[in-house]
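Asker: Below you will find the structure I want to go over with you.
The values are calculated or read from the model by the stated rules, or taken from the named source; none is laboratory data. Note that this is a predicted model, so its numbers are computed, not measured. Cβ placement follows ideal geometry from the backbone for every residue including glycine, while neighbour counts extend to all protein chains displayed.
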Amino acid sequence: MLNLRDEHGHLLAPEKRPVTRMLKGEVMTGSNAMDIIIRTLDGQMNVQLNVSGTAMRNSHGEVIGGVLIFHDVTERRQLERRTQETLRTLLSMAEALVLAPETGSTSEEHTPKTANPVATRIAELTCSVLGCRRVSITAIDPETEVMRPIAVVGLPPEQERQWWAEQPENSRLSDSPMPEMVARLRTNEVLILDMTQPPFDAAPNPYNIHIMLTAPMATGNTLVGLLLLDHGSDAHIYTDEEIALTKAVAKLGALVIERERLLHERANARANELALREANQRMDEFMGIASHELKTPMTTIKGYVQLVARRLKNSSQQEHIRLPELQQTLATSAELLERSDIQIARLTRLVNELLDASRIQANKLEFHMEPCDLTLIVQEAVQNQQYENARRPITLELPSIQPLPIIADVDRIGQVVTNYLSNALKYSPPTTPIRVRVAVDGQTVHVSVSDEGPGLSEEEQEHIWERFYRVKGIEVQSGSGVGLGLGLHICRTIIERHGGQVGLDSTPGADSTFWFTLPLSLVGQ
Ligand code: ADP
C-alpha cells in the first residue's frame, strides 16, 4: 500500500527495504541512511523520507528487534533540487557570457530587431529556472536611451515573427507614458504588474498575460536593459526567492548587454582609427606629391626665364651685335619661353584641380548650365587629345542619332572627357589604342573611354573616386606627369551634379573602361 520506492522513484526490492536492512544488522546512519519515497496513507501524495536506524540485540548478539527513525524531507529535497538546478543554470549563463563569440565587428548586431544569440540563451535559461511562460530582453542604449529588443523565448515561431515585427523602432525609455514606473526601474526595483488591473487593462494584451514581472538590468547605476517575464494567464504569485533569482539573472543579462556594447564600441573605434590613419597617410602623400609637382615646373620655369634674361642682357650689352647672332638669341629665347609655357600649363592644371577639389569640399563648385550637344563636347575633347598625342591611336565612335541634346556646363563635361582621356593616355603603354564611345540608351547617353592599360582590382575600383586616392604600383607610362589623385573625384562630382553616374569596368592586367552617363534633354520639355 505504501508503494515503497527509492529516491529515483524505482520500486524497492524486498532486500533493499529499510526494515530488512536493519534486521540484517546494518547500522543505517550518516551516509548509510537512505531516502525512500512512499505514498501517503490517503494515497494522495508522495512523501520523501530519510530513514536511519539500527538493530537491537540480546546478550548473545542476536538481533531481536530494531529502531527505525523516519524524517519527512520532502520539502528539503525539493529545495535542494531547485537550488542545484538554479546554480547549474546560473553557471551556464556565466559560461554563455564568457564563451560568447566576439562578434563586435559586425554592425548587424546593433541594428534594430535582431535576436542576440547570447541574450536568447539567457532568456531560455531564465525561462527554465523560473518555470515561466515567456521571457523577453530589451537592451537600452545608456546614452540615447533607445530601446532595442534582443531576445524573446516562449512564443511559437509564427507569433515570434509577429512579435519582432511589432517591436517599435527607436522608442526611448524616457518617452514611456508611465514615467513613475521608469523612475522605479531606475532605482533597480523589480516591478510586478497585474495586467488585468488599471491602467494596464486598457492596453492590448495579445498573449493574455495576467502578471508581468519587469526587472531592470543594470551595470552599476546605469540601466542597460529590461527583462520581462510572465506566466501567461496564471495569477502567479512571485516568492521572494523567485524575485531574488530574477534579479540575479537580470544582472547577468546586463553584463551580456554591456559586453556586446563595449565590443561594438571597440570595433567602431578600431575602424575609425584605421580610417583616420589611412586618411592621414593619404594626406601626407598628397602634400608630398603636391609640393613636388608644383615646385618642379616652377624651378624649370625659373631656370628658363633666368637664361632668357641673361641672354637678352648679354646681347643688349654687346655694342656691335650682328643680326644672325641676335636672331639666334631670339630663337633660343622663344624656344625656352615655349617650354616654360608647357610647364605653366602643367602648373595651371594642377592648381585648377586643387581649386576644384577645395570648391567641392566647400560645396561651392558652380555650373553654368545651358542646352548643348554632347557630340560636339566629346568631339572637341578627343580632337584636342589627338592633336597633343599625335602618335596615339585615339578612335571615336558616335551614335547615328545626332545631335545629343543635354543641359550641361559645356566646359565641365569637356573637363570630364579630357580627364578620362588623359588618364587613359598616361596610365597605358604609349603604343596602345584608346577607344572613345558615345551610345544612347533610351533617355540616357553613355560615354566611355577604354584603354589597354594595367586595369584595376575590385578593391581599387571601390576607392578610385575618392579624394587623393592613387593606386599604388600604377605608374605614369607617358605624357603629362604624376597626378594628385583628384581628377576622378572631381569628375564624379561634376557628373553627379548633372544627374548622371560614373563607373568603371576593368579587368586587372588587361584594360579599363571609365564611363559616365547623362540624361538626354528632351526637345519640347
Ligand atoms: P591622378 O591625377 O592621380 O591621375 P585621378 O583621380 O584621375 O588622379 O586617378 C586616380 C588614380 O586612379 C590614379 O592615380 C591611377 O592610379 C588610377 N587610374 C586612373 N585612371 C586609370 C586608368 N585609365 N588605368 C589605370 N589606373 C588609372
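Asker: Can you give me the number of residues within segment 278-294 that are in contact (Cβ under 8 Å) with a residue 24 or more places away in the chain and over 18 Å from residue 352 (Cα atoms)?
Answerer: 3
Asker: So residue 356 clears everything in (1) surrounded by fewer than 19 Cβ atoms within 10 Å (Cβ to Cβ); (2) of a type outside the set (A, V, I, L, M, F, W, C); (3) out of contact with any strand residue (DSSP E or B) (no Cβ under 6 Å at 6 or more places or on another chain) except one condition, right? Which one?
Answerer: Failed condition: (1).
Asker: Can you name the residue in segment 437-481 that is more than 9 Å from the ligand (Cβ to nearest atom) and of a type in the set (Val, Ile, Thr) and, of all such residues, is farthest from residue 425 (Cα to Cα)?
Answerer: So, considering only residues that are more than 9 Å from the ligand (Cβ to nearest atom) and of a type in the set (Val, Ile, Thr), the one farthest from residue 425 (Cα to Cα) is 444.
Asker: Here's something else I'd like to know. Whether any residue in segment 426-434 is near the ligand (Cβ under 7 Å from one of its atoms), under 22 Å from residue 354 (Cβ atoms), in contact with a Pro (Cβ under 7 Å, 6 or more places away or on another chain) and not hydrophobic (A, V, I, L, M, F, W, C) is what I want to check.
Answerer: Yes, segment 426-434 contains a residue that is near the ligand (Cβ under 7 Å from one of its atoms), under 22 Å from residue 354 (Cβ atoms), in contact with a Pro (Cβ under 7 Å, 6 or more places away or on another chain) and not hydrophobic (A, V, I, L, M, F, W, C).
Asker: Which one of these does residue 493 not meet: (1) crowded, with 20+ Cβ neighbours inside 10 Å; (2) within 10 Å of the ligand (Cβ to nearest atom)?
Answerer: Condition (2) is where residue 493 drops out.
One line per residue, one yes/no per condition, for (1) in contact with a helix residue (DSSP H, G or I) (Cβ under 7 Å, 6 or more places away or on another chain); (2) polar (S, T, N, Q); (3) outside any strand (DSSP E or B); (4) outside the structural domain of residue 115 (by TED's automatic domain parsing):
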residue	(1), (2), (3), (4)
180	no, no, yes, no
193	yes, no, no, no
198	no, no, yes, no
206	no, no, yes, no
228	no, no, no, no
242	yes, no, yes, no
247	no, no, yes, no
256	yes, no, yes, no
260	yes, no, yes, no
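Asker: Here is a check on your reading of the model: is residue 314 assigned to a helix (DSSP H, G or I), of a type outside the set (Phe, Trp, Tyr), within 16 Å of the ligand (Cβ to nearest atom) and not assigned by TED's automatic domain parsing to the domain that holds residue 403?
Answerer: Numbers: assigned to a helix (DSSP H, G or I): yes; of a type outside the set (Phe, Trp, Tyr): yes; within 16 Å of the ligand (Cβ to nearest atom): no; not assigned by TED's automatic domain parsing to the domain that holds residue 403: yes.
Here the answer is no, as residue 314 does not meet what is asked.
Asker: Any idea which residue in segment 453-498 is nearest to residue 357 (Cα to Cα), counting only those that are charged (D, E, K, R) and not in a helix (DSSP H, G or I)? It would help to see each step written out before you state the result.
Answerer: Taking segment 453-498 first, the residues charged (D, E, K, R) are 458-460, 462, 466-467, 470, 472, 475, 492, 496-497.
Right, trim to not in a helix (DSSP H, G or I) and you get 466-467, 470, 472, 475.
Values: 466: 11, 467: 8, 470: 15, 472: 21, 475: 23 Å.
The extreme case among them is 467.
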